[in-house]
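Reviewing the structure listed below.
The values are calculated or read from the model by the stated rules, or taken from the named source; none is laboratory data. Keep in mind that what you see is a predicted model, and the values were worked out from it rather than measured. A quick note on method: Cβ atoms are made from the backbone with ideal geometry, for glycine too, and the neighbour counts reach across all protein chains shown. Please note that ligands, DNA and RNA were not included when accessible areas were found on the heavy atoms of the full protein model with its side chains. Shrake-Rupley method; radii C 1.70, N 1.55, O 1.52, S 1.80 Å.
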Amino acid sequence: MGKQTPDVVIGTVWRNNSDMGTPQSLPILLPTVGGQRWSCHSCGDCCRSLVVHLTADDRERIDAGDWASRLGVAPYLSVKRSWVLNKRSDGACVFLDEQGLCAIHVRSGETAKPLACRMFPFSVRAVADGWQASIRFDCPSVVRSEGEPLDRSTIAIGEVASLLPHRAGRNARLPFLKARVRATEDELTMLTDRLARWLGDRSVAWNDRITVAARLTTTLEYGRIRKVRGRRLAELVQLLLGALPKECGSPPPAPTDKQRGMLRQFAFACSEYTSLDEFRSGAVAKVFIRVAQMRKAEAFRRGDGTVPALPGFSKVVTFDAVESVQPARRDRESIEDLLTRYAVARLESRSVFGAGYYGWPVFRGLGALWLTLAAIGWFARYVACSANRDSLQFADVARAVGIADRAATRLPALGTLAERARLAYLMNDDGLARVIGAYVLVEQAP
Ligand code: SF4
């Protein structure tokens, strides 16, 4: 992977809502993650795993296609003041045909599909000066970086974004760096650019890159930086990036039992996406689901005995077996490439802080990104264990990145005060570096 470059404008679309009187050109800001590629390979993963919310226009197009009588079932359902595509009992979208293709696409073309399906695996967020696009790593083709260079997708993203109302609202406000310290645009650009370049620096071992990034973030969060702003903040970051690697000669200390338990609970929280059945469940069923979730979360905190089954997995494994899985040796290069692409894509699309991450301040949001990478380390071990492997392979890490990214920025539970408190605890006592060190994904290069 080459040198990382910051967001650049690589396409424009026309503002769709006419409240400004005349149409305005709006740029699409797409992260330029070095080497990242994507094309749809029609694997059908997204058609099976996602709950697709519909716009009024989506429903009108579906109604006009007379799909209710063609399919023999309701094509969409009303859930919680929203409308979602219906699913079959096996969890697949009712439009997924026997050839694994979208029936709407086959019959009426790509533009007839619901907006969310056309947009996947991209998402867009209205910002002051256009649309901030980001790419999702819960698509297998994104994880494996297969297909066309990313910038070829800009026109398609623009076409879909132009159908959405552009309301930047609070997204237009710059986030806080930390409590009561509002960031400037130059500071955000400096931080994301320097961290992206640091994470892409192959001359440094991956485990050290991520450990340094976590310690840098903790130092900035707890340091007195109120008067260290602008150019001085850039100098401090540069100074820390020069000094912190010297501390990486030996691995971080092992995490305490409490830190390890918190990491497992965070991993569990990331795995808890809401299925369509849960969306539709009544008040009593919801109480039972909530109680079951709390029991599972407690089991993850304790970390002994059997791991409560996670969605999509059926094999019974123990917490001890998960802990015993060794980091990858053989697939080291491809795993480092994937982790770098993932972290850089999150940074450059700014889906780590402010409006891109539950409104969190910058340093807390960065801390959550490093914690997510540690959770990926736990998930990958769980995946390997479920496949009877005692050391990690690329496929394990790929699946783990998909699980974690599906939740990050999209699962409301991850943005709560309880999660901020968990992160605050883990940012103390070198906790982030310690849990990252406990769940490294690749063996340190000799
Ligand atoms: S998960 Fe990705 S590759 Fe698979 S069908 Fe969806 S967009 Fe295409």
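For q values of 0.08, 0.11, 0.12 Å⁻¹, compute log₁₀ I(q)/I(0) with the Debye formula on a Cα-only model of the chain, without solvent.
So the normalised log intensities are -0.47, -0.91, -1.09.
I need the semi-axes of the equivalent ellipsoid of segment 260-397: take the C-alpha gyration tensor, multiply each eigenvalue by 5, square-root it, list largest first in whole angstrom. Don't jump to the answer; show the numbers that get you there.
Values: eigenvalues 129, 108, 36 Å².
Equivalent-ellipsoid dimensions as semi-axes: 25, 23, 13 Å.
What translational D, rounded to a whole number of µm²/s, comes out for segment 71-144 from Stokes-Einstein when the hydrodynamic radius is the Kirkwood one over Cα pairs, at 4 °C and 1.567 mPa s? Write out the running numbers ahead of the final one.
Working: Rh = 14.5 Å.
For the chosen part, D equals 90 µm²/s.
Please work out the Cα center distance from segment 132-159 to segment 388-442, rounded to the nearest Å.
Each part reduced to its Cα centre gives a spacing of 23 Å.
Can you tell me the dipole magnitude for segment 176-249 around its Cα centre, using point charges on the Cβ only (Lys, Arg +1; Asp, Glu -1), in Debye to the nearest 20? Display every interim value, and only then the final one.
Details: 15 positive and 9 negative charges, 73 e Å.
Result for segment 176-249 is approximately 360 debye, rounded to the nearest 20.
May I ask which residue of 82, 361, 29 lies farthest towards the positive end of the charge dipole of the chain, with charges of +1 (Lys, Arg) and -1 (Asp, Glu) on Cβ and the Cα centre as origin?
Value computed over the given set: 361.
Taking a ≥ b ≥ c as the square roots of the eigenvalues of the Cα gyration tensor of segment 120-194, is the shape rounded (a/c under 1.5), prolate (a/b larger than b/c) or oblate? Mind dumping the intermediate values first?
Details: a/c = 2.54, a/b = 1.51, b/c = 1.68.
Oblate, because a/c is 1.5 or more while a/b does not exceed b/c.
How high is the FRET efficiency between residue 318 and residue 204 when r is their beta carbon distance and R₀ equals 41 Å, given to the nearest 0.05? Working shown, then result.
Details: r = 35 Å, r/R0 = 0.85.
The calculated FRET efficiency here is 0.70.
Among the DSSP beta bridges whose two residues both lie in the chain, what percent are antiparallel, rounded to the nearest 5?
Working: 24 of 28 bridges.
Expressed as a percentage, antiparallel bridges in the chain total about 85.
With Cβ to Cβ distances under 10 Å as the rule, what net charge do the other residues near residue 186 carry (K, R +1; D, E -1)?
On the way: positive: 229, 231; negative: 185, 187.
Summing Lys/Arg as +1 and Asp/Glu as -1 gives 0.
Using a 1.4 Å probe and ignoring any ligands, DNA or RNA, find the accessible area of residue 153 and quote it in Å² to the nearest 10.
10 Å²
If each DSSP helix of 4+ residues adds -39,500 (n - 2.57) and the sum is divided by the residues in the chain, what number results at 222 nm, nearest 500 deg cm²/dmol? Can you show the working numbers first?
Working: 19 runs with 207 residues, N = 446.
The helix contribution divided over the chain gives -14000 deg cm²/dmol.
State the answer as a single residue: which of 119, 416, 103 lies farthest towards the positive end of the charge dipole of the chain, with beta carbon charges of +1 for Lys and Arg and -1 for Asp and Glu, about the Cα centre.
416
At 1.4 Å probe size, what's the solvent-accessible area of residue 403? Round to the nearest 10 Å².
30 Å²
About its Cα centre, what dipole magnitude does the chain give when the only charges are +1 on Lys and Arg Cβ and -1 on Asp and Glu Cβ, stated in debye to the nearest 20?
Numbers: 62 positive and 47 negative charges, 272 e Å.
Charge dipole, the chain, about its Cα centre: 1300 debye, nearest 20.
Whenever you get a sec, line up 246, 258, 113, 80 from highest to lowest accessible area (probe 1.4 Å, protein heavy atoms).
Working: 246 165, 258 110, 113 30, 80 135 Å².
Output order, biggest surface exposure first: 246, 80, 258, 113.
Put a dot 7 Å past each Cα toward the Cβ at residue 80 and residue 57; how far apart are the dots in nm?
2.5 nm
With the contact rule set at Cα under 8 Å and sequence spacing of 6 or more, what percent relative contact order holds for the chain? Walk me through the numbers before you get to the answer.
Values: 678 pairs, mean separation 88.8, N = 446.
Reported as a whole number, the value is 20 percent.
Order 247, 336, 110 by their accessible area, 1.4 angstrom probe, all chains in place, largest first.
On the way: 247 110, 336 25, 110 70 Å².
Sorted by accessible area, descending: 247, 110, 336.
Once you place label points 7 Å from the Cα toward the Cβ at residue 112 and residue 294, how far apart are they in nm?
The modelled label-to-label distance comes out at 4.9 nm.
Given Cα positions, please report Rg to Rh for segment 176-249, the hydrodynamic radius being the Kirkwood one. Please report the intermediate quantities before stating the final value.
Details: Rg = 12.3 Å, Rh = 12.8 Å.
That ratio is 0.97, to two decimals.
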